[in-house]
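J.: Starting off with a structure, shown below.
Each reported figure results from applying straightforward, stated rules to the coordinates on display, with no laboratory input. Predicted model only: the values in this text are computed from it and were never measured. Neighbour counts are summed over all protein chains in view; Cβ atoms, including those assigned to glycine, are modelled from backbone coordinates with ideal geometry.
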Amino acid sequence: MTLALAIVGCGKMGRLIEQLAPEYGFGVRAKFDSKNNSGGAGLTRGALQGVDVAVEFSTPHSAARNIEQLAAAGIDAAVGTTGWFDQLPAAQRAVTEGGTGLVWAPNFSVGVNLFLQAVTYTAALFAHQREYEAWGWEIHHSAKKDASGTLRKLADQMRAGGYERQISLSSNRAGAHPGTHEIGFDSLADTITLRHTARSREGFARGALRAARWVAGKKGWFEFREIVGELGD
């Protein structure tokens, strides 16, 4: 069954999602950018008529408002914008009140979300080995202006795994790099490193489309890493 898709945010990710959408059973019904959706004003019930689900890759200052507007219009969504997570509680309330479904993630790569699980498990192993100190590092292309939500999530998962000591975090921006994240543990005796390197943006786009297909018709607030095991092809 073909589902009608709205793309909110028509930058590089939005254009890639539009290109790949037919592979996942979507027809693009509507597209929104800064010209026709300033302040979320374009996301009305009329403009979204016939849409089954939306994929949102906009900007940090726009995402929360877009989520509120989509929920008010009764549209389920997959949201991949980063840098707005301090507004998660308000966005979650809007989705609950709207009776819609939403999947969010700091990173929609399936590999990254499996990497998160691996890092959590590894951090638990090192939690009580006090001779090991930890670091996290990431690099992205120079056009990425916001801080890495994935790096922050990795640090959060390390703490959730029981690693309570300081974690030194650092970032770089250069060239056209799609993204590398690294977690390491170091002692006088040795170094252990876990690394995920993206080859292109395509993995993020495919993960978002799989999440959008999954959430269509559902109600509730979901994080992508929690549903990876339930995704179809």
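J.: Over segment 91-158, what is the relative contact order in percent, taking alpha-carbon pairs closer than 8 angstrom and at least six residues apart? Could you put the intermediate results ahead of the total?
T.: Working: 26 pairs, mean separation 28.6, N = 68.
The normalised contact order for segment 91-158 reaches 42 percent.
J.: Under unit Cβ charges (Lys, Arg +1; Asp, Glu -1), what dipole magnitude, rounded to 20 debye, does the chain have relative to its Cα centre? If you can, show how the numbers build up before the last one.
T.: Values: 25 positive and 23 negative charges, 127 e Å.
That gives the chain a dipole magnitude of about 620 debye.
J.: So what are the radius of gyration and Dmax for the Cα set of segment 143-207, in Å?
T.: Rg then Dmax for segment 143-207, in Å: 13.8, 41.
J.: Could I ask something else about it? Where does each of 149-157, 203-211 land if you order them by average Cβ count within 10 Å, highest first? Could the numbers behind the result be given before it?
T.: Numbers: 149-157: 20.9, 203-211: 23.1.
Ranking, from highest mean packing down: 203-211, 149-157.
J.: Turning to a different aspect of this structure: Please report, to two decimal places, log10 I(q)/I(0) for the chain at q = 0.11, 0.14, 0.15 Å⁻¹ as given by the Debye formula with identical point scatterers on the Cα atoms and no solvent.
T.: Taking Cα atoms of the chain as identical point scatterers yields -0.56, -0.87, -0.98.
J.: Show that you can apply the helix-only estimate: for the chain, add -39,500 (n - 2.57) for every DSSP H stretch of four or more residues, divide by all residues, and state [θ] at 222 nm to the nearest 500.
T.: Calculated at 222 nm, the ellipticity per residue is -10500 deg cm²/dmol.
J.: If you average the alpha carbon positions of segment 81-120 and of segment 138-209, how far apart do those two centres end up, in angstrom?
T.: 17
J.: Taking the Cβ of A174 as the center, what net charge do the other residues with Cβ under 12 Å away carry, scoring Lys and Arg +1 and Asp and Glu -1? Intermediate values should be presented prior to the final figure.
T.: Details: positive: K144, R173; negative: E138.
Local charge sum for A174: +1.
J.: So what is the relative contact order for the chain, in percent, with contacts set as C-alpha pairs under 8 Å and at least six apart?
T.: The value is 22 percent.
J.: While we're on this one: Can you compute 3J(HN,Hα) from phi for each residue in segment 183-188, using the Karplus curve 6.51 cos²θ - 1.76 cosθ + 1.60 with θ = phi - 60°, rounded to whole Hz and x for Gly and Pro?
T.: Running phi through 6.51 cos²θ - 1.76 cosθ + 1.60 with θ = phi - 60° gives 10, x, 10, 10, 9, 4 Hz.
J.: Can you list the residues, at least 5 places off or on another chain, whose amide H is less than 5 Å from the amide H of A54, using H built in the peptide plane?
T.: A6, D76, A77, A78
J.: Given K35/K218; K31/K144; K153/K219; K31/K218, which pairs have Cα atoms separated by over 27 Å?
T.: Pairs exceeding 27 Å: K35/K218.
J.: Oh, and also: Amide H neighbours of T44 under 5 Å, counting only residues 5+ apart in sequence or on other chains, H built in-plane at 1.01 Å?
T.: Correct list: empty.
J.: Which angle from 0 to 90°, rounded to the nearest 10, does the C-alpha axis of helix 149-160 make with the longest principal axis of the chain?
T.: 50
J.: Karplus couplings for segment 13-19 from phi (6.51 cos²θ - 1.76 cosθ + 1.60, θ = phi - 60°), rounded to Hz, Gly and Pro as x?
T.: 5, x, 5, 5, 4, 4, 5
J.: Follow-up question, since we're still on this one. Would you mind counting up the charge near W137? Only other residues with Cβ under 10 Å from its Cβ, with Lys and Arg at +1 and Asp and Glu at -1. Mind showing how you got there, number by number?
T.: Details: positive: R195; negative: E138, E182.
Taking every Cβ under 10 Å from that of W137, the sum is -1.
J.: Lys/Arg Cβ at +1, Asp/Glu Cβ at -1, dipole of the chain taken about the Cα centre: which of A30, S200, T2 is farthest positive-ward?
T.: A30
J.: For helix 110-126, report the angle its Cα long axis makes with the longest principal axis of the Cα atoms of the chain; keep it between 0 and 90° and round to the nearest 10°.
T.: Helix 110-126 sits roughly 30 degrees off the main axis of the chain.
J.: Moving on to the next point. Ratio of alpha-carbon Rg to the 2.2 N^0.38 Å globular estimate for segment 68-177, to two decimals, please. Before the final figure, lay out the partial values.
T.: On the way: Rg = 16.6 Å, N = 110, 2.2 N^0.38 = 13.1 Å.
Relative to the rule-of-thumb radius for its length, segment 68-177 sits at 1.27.
J.: Quick one: Karplus J couplings for segment 43-51, per residue in order, coefficients 6.51, -1.76, 1.60, θ = phi - 60°, nearest Hz, x for Gly and Pro?
T.: 8, 9, 4, x, 5, 9, 4, x, 7
J.: For segment 1-98, what are Rg and Dmax over the alpha carbons, in angstrom?
T.: Every Cα atom of segment 1-98 included, Rg and Dmax give 12.4, 36 Å.
J.: Report, in degrees rounded to the nearest 10, the 0 to 90 angle that the Cα long axis of helix 202-215 makes with the longest principal axis of the chain.
T.: 60
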